[in-house]
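Take a look at the structure set out below.
The values are calculated or read from the model by the stated rules, or taken from the named source; none is laboratory data. Bear in mind that the values here come from a model prediction, so they are computed numbers and not experimental data. Cβ sites come from the backbone with ideal geometry, for glycine too, and all protein chains shown count toward neighbours.
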Amino acid sequence: MNLVLRLAWRNLWRQPRRTWLTTGAMVFSNTLLVFMISLQFGMYGLMINNTLQAYTGHLQIQAPGYIDDQKMRQTVADILPLAERLRAEFPEQSIAARATGFALVSSADRSYGVAVVGVEPGYESRVSTLPGLVSSGRFLEDNDAAEIVIGAALARILRVDVGDELTLLGSGKDGSFAAAVVIIAGIFDSGLPDFDRSFTEIPLGLFDDVFYMNGSGHHVVINNGGISGVADLKTRVEATVPPGEELVVHDWDALQPGLQQTIKADISSAFFMYGILVILVAFSVLNTQLMSVLERTHEFGIVMSLGLTPGRLGRLVLLETAIMGFMGLVLGAILGGLVTWWLSFNGFAYPGMEEMASRFNLPARFYPEVTLISLLSGPVVVFLFTLLAALYPALRLHKLHPVEAMRAV
Amino acid sequence: MTAVRCVDLCKTYRQGEEDIKALDHVSIEIEEGGFVCLSAPSGGGKTTLLNAIGGLDKPDSGEVYVAERRIDNLSKGELAELRLRQIGFVFQAFNLIPVLTARENVEFVMQVQGVPAAERGQKALEILEEVGLKGLEDRRPADMSGGQQQRVAVARAIVSRPALVLADEPTANLDSKTSDGLMELFRELNDHHSTTFVIATHDKRVMSYAKRIVRMLDGRIVEDISQDAV
């Protein structure tokens with residue numbers, strides 16, 4: 001081992017308890033950072049996928065302008081053939097066509113305004129979790145059947161149940177009067193009362209007839225299975241859109257801008273907390289190294305009188321800190337990595353957080369996601385900040401005068 | 001050739017309300033290969049003069065030359081380089097690095113000088129043998145006697161064969177037998193390698209080894225006795 005490295009290493013163990021305490025603080029913060037960052041990114045992944053898989057999908061093909069102003073006449077023509085072509089072109093992805101309208105839905109006693117979405121019964125379950133949320137009855141089966149699925153809250157408002165009749169009254173694509181009588185095939189319960197109150201689905205064939213769509217729809221949903229590779233898929237889908245047809249492909253970021261903003265806001269607040277943690281560790285290192293330098297003032301005076309420059313001594317102090325920081329980095333990353341890795345298989349739950357989790361489309365159990373970035377980013381930042389903290393004691397050595405230093409006890 | 005030349009050095013320290021003249025117009029010239037003892041009672045100015053010669057402290061006025069080069073106006077970095085390459089220091093309190101072994105203490109300065117690892121390892125062993133510490137190379141200072149530690153300090157000071165060795169009360173913490181051994185070693189190095197020694201002491205036994213004794217009192221040179229007179 002290099003002599004300077006050996007000296008730095010042995011200097012650290014002059015006060016083993018102090019070195020272990022400082023290293024322990026680094027290991028603790030690094031373990032915590034690895035776990036928290038892994039958990040955070042795991043949750044973001046879940047949040048994004050759960051939100052997108054609930055309804056939006058990773059990509060949607062729409063008419064230009066529909067995303068900003070969802071008018072019924074802004075349609076995608078021949079939507080079913082387009083969906084079929086895309087399914088043939090992208091067999092790995094789940095693809096379904098939809099049309100959206102609004103109607104007054106009435107039972108024998110009561111009426112309520114709702115969104116009515118026409119879906120392909122055979123494909124909707126691949127792009128949306130809603131069919132799986134049907135708690136009573138069943139999901140839609142026939143593309144032309146006069147049936148509907150409604151939310152549990154709406155069923156309570158209208159005082160209806162599976163098998164009851166509802167009347168839909170709305171405006172068609174051409175502005176004409178749209179009306180239909182449908183049977184309740186199923187009732188879903190998403191746990192989100194607002195959604196359950198205002199959202200209904202009917203078969204796309206029925207929607208086409210009732211709202212005079214003439215084969216058009218409002219969007220084709222593409223579910224990629226995960227957010228990685230969405231940008232590439234978008235490019236490929238754009239190339240598939242028939243030339244001459246004015247259609248646009250939106251990715252999930254454009255479709256759900258709030259999602260990205262929520263994540264960014266969460267990252268900002270989390271990183272503020274991480275920053276405080278890192279600064280606390282840096283102060284602990286600063287304290288340790290300042291004490292270490294002060295204790296060795298006499299010794300530094302001696303070696304300066306032998307011809308060592310303050311710069312060399314400062315580098316020695318930085319090397320000692322780097323060794324300590326590296327120990328903290330390695331031990332923290334290993335410990336944090338092991339704990340997080342175990343939890344990534346077994347998961348864990350916050351007691352009493354189930355309701356909050358469901359509001360953010362999160363499951364009751366969380367599974368952190370260990371990646372190289374989540375494993376190393378926190379510990380590397382701690383390492384850099386410890387070096388930064390050691391700069392002050394290292395630079396103080398430049399003020400040291402050999403004769404005065406040698407007088408120090 | 002002149003190893004050391006000081007011209008009209010003055011240095012005043014402030015102690016409380018009082019100004020203490022540590023050096024009061026001191027001029028001295030030491031030839032290469034000299035073996036000079038600076039003798040003075042405590043506070044007489046010998047350590048201050050030694051520090052000025054070694055570039056550890058700057059005089060308030062006057063000039064200091066080491067190997068014909070003026071050093072009192074050099075920068076901190078230049079002075080450090082001068083001490084590293086041309087001057088060896090031996091202190092009263094051995095001042096070894098406690099976490100390094102005897103051999104590593106000797107090697108440390110050579111490492112800073114940029115001596116290759118194999119060469120400095122070899123040199124360290126040789127010099128430790130020369131100062132009578134063969135077999136103790138891997139001991140740490142805490143496991144050595146005061147005399148042995150001082151020998152390591154001497155080995156560290158002379159391993160790079162500096163032209164000038166400055167020693168401040170080198171025998172103050174040693175018994176008489178060990179002191180004699182150390183002084184004989186100094187004389188041997190002086191005789192065989194023409195290393196110039198300037199030793200600050202008030203130990204008569206040390207002075208008996210000197211070729212020249214310079215007595216100081218209250219920051220002034222009051223007597224300068226050559227070898228013959230000694």
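Residues in the stretch A:369-405 that are acidic (Asp, Glu) and over 39 Å from the mean Cα position of the chain (by Cα): 1 in all. The test for being within 13 Å of chain A (Cβ to nearest Cβ), out of contact with any strand residue (DSSP E or B) (no Cβ under 7 Å at 6 or more places or on another chain) and surrounded by 16 or more Cβ atoms within 10 Å (Cβ to Cβ) does not hold for B:Leu50. Total residues in the stretch B:174-205 satisfying the condition of being touching a Phe, Trp or Tyr at 6+ places or on another chain (Cβ under 9 Å) and crowded, with 21+ Cβ neighbours inside 10 Å: the figure is 8.
Of all positions in the stretch A:154-177, none carries a residue that is among the aromatic types (Phe, Trp, Tyr), surrounded by 14 or more Cβ atoms within 10 Å (Cβ to Cβ) and either on the phi < 0 side of the Ramachandran plot or modelled with pLDDT under 95 (or both).
Restricting the stretch A:304-315 to residues that are surrounded by 22 or more Cβ atoms within 10 Å (Cβ to Cβ) and in a helix (DSSP H, G or I) leaves a set whose member that is nearest to the other protein chains (Cβ to nearest Cβ) is A:Ser305.
Among the residues in the stretch A:290-299, are any of a type outside the set (S, T, N, Q), within 14 Å of chain B (Cβ to nearest Cβ) and touching a strand residue (DSSP E or B) at 6+ places or on another chain (Cβ under 9 Å)? So far as the stretch A:290-299 goes, no, none of its residues is of a type outside the set (S, T, N, Q), within 14 Å of chain B (Cβ to nearest Cβ) and touching a strand residue (DSSP E or B) at 6+ places or on another chain (Cβ under 9 Å). Among residues that are more than 25 Å from the chain's Cα centre (by Cα) and in a helix (DSSP H, G or I), A:Phe207 is included. For the stretch A:327-336, the count of residues that are touching a helix residue (DSSP H, G or I) at 6+ places or on another chain (Cβ under 7 Å), more than 16 Å from A:Leu372 (Cα to Cα) and within 14 Å of another protein chain (Cβ to nearest Cβ) is zero. Between B:Lys58, B:Lys21, the distinction of being surrounded by fewer than 21 Cβ atoms within 10 Å (Cβ to Cβ) and within 14 Å of another protein chain (Cβ to nearest Cβ) belongs to B:Lys58 only.
Scanning the stretch B:88-100 for residues that are within 8 Å of another protein chain (Cβ to nearest Cβ) and within 14 Å of B:Ala167 (Cα to Cα) returns B:Phe89, B:Phe91, B:Asn95. Which one of A:Leu52, A:Leu33, A:Leu59 is within 34 Å of the chain's Cα centre (by Cα), under 17 Å from A:Gly337 (Cα atoms) and surrounded by 19 or more Cβ atoms within 10 Å (Cβ to Cβ)? Going through A:Leu52, A:Leu33, A:Leu59 in turn, the sole match is A:Leu33.
So, A:Arg126, is that one of a type in the set (Lys, Arg), surrounded by fewer than 18 Cβ atoms within 10 Å (Cβ to Cβ) and within 31 Å of the chain's Cα centre (by Cα) or not? Answer is yes for this residue.
In the stretch A:382-397, the condition of being without any contact (Cβ under 8 Å) to a residue 12 or more places away in the chain, away from chain B (no Cβ under 11 Å) and part of a helix (DSSP H, G or I) is met by at least one residue. Does A:Leu7 satisfy the condition of being away from chain B (no Cβ under 11 Å), of a type outside the set (D, E, K, R), touching a residue at least 60 places away in the same chain (Cβ under 8 Å) and surrounded by 17 or more Cβ atoms within 10 Å (Cβ to Cβ)? So A:Leu7 fails the test. Of all residues in the stretch A:286-303, those being within 15 Å of B:Pro98 (Cβ to Cβ) and in a helix (DSSP H, G or I) number 9.
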